[in-house]
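The values are calculated or read from the model by the stated rules, or taken from the named source; none is laboratory data. These numbers come from a predicted model, not from an experiment. For neighbour counting, all protein chains shown are included, and Cβ atoms are generated from backbone atoms with ideal geometry for every residue, glycine included. In case anyone asks, the SASA skips ligands and DNA or RNA and just uses the protein heavy atoms, side chains included. Shrake-Rupley method; radii C 1.70, N 1.55, O 1.52, S 1.80 Å.
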Amino acid sequence: EIRSGMPELPAQTREKYSKDFGLTPYEVSVLLGRDDLGDYFVKVLAAGVNAKSAANWVMTEVLRAANESAKPLTDAVPKPQETGALLKMVEDSRISLNAAKNAFAAMCRSGKGAETTVAELGLAQVSDEAAIAEACDRVLAAENAKLAEYRAGRDKLYGFFVGAVMKAMGGKGNPKVVNEVLRRKLAG
């Protein structure tokens, strides 16, 4: 009866983190090194995010914010559900990882949720192919000389075009979609 009422032992918790979440011994030791960090990590996972990316985020961004603020973890960073929602936006390609870092820093300062912060800061990625195709067309029309060089075999200019399209879109273009649309436009 006593055994059934006992909490999970530390060795069992480490094994669970390794087996269930696929984490390395180092990641497990960092997440379980502070009482509050392991609980925060598990609550972030409740948003349905990848365990490895959640662990990396908690070990870097969450710990950094907590250490820089010198406040308890619960006061220094957003609620774990909001951090999980932010990571879910990255996984769903709604925002970039860099935008997520900016949003997280803003969330730490304001205490607002992920959706609100991303909307207020205008960090959402554009995945609309029509909008991306329009930006590609504008860049290609403005860069006729470079387009001719590219089509003549100077493949290294591809990166220039990607950068120009991203700049034309204010950095909000979904890189995967930008690459797909730009490849089609450059081939045509």
Relative contact order (percent, whole number), the chain, Cα cutoff 8 Å, 6+ residue spacing: 15
Rg to Rh quotient for the range 73-129, alpha carbon positions, Kirkwood Rh: 0.97
Accessible carbon and sulfur surface of the chain relative to its total accessible area, %, 1.4 Å: 53
Loop-resident sites, the range 1-53, for GluC sites (Glu not before Pro), counting at most 11 other Cβ within 10 Å (DSSP): GLU1, GLU8
Cα gyration tensor of the chain - equivalent ellipsoid semi-axes, whole Å, descending: 43, 18, 13
Hydrodynamic radius by Kirkwood, which averages 1/r over all alpha carbon pairs of the range 1-53, in angstrom: 11.9
Cβ-derived FRET efficiency at R0 35 Å, ALA70 paired with ALA131, nearest 0.05: 0.20
Mean accessible surface per residue for the chain, computed with a 1.4 Å probe while every protein chain stays in place, in Å²: 58
Semi-axis lengths (Å, descending) of the ellipsoid that matches the C-alpha gyration tensor of the range 125-179: 20, 11, 9
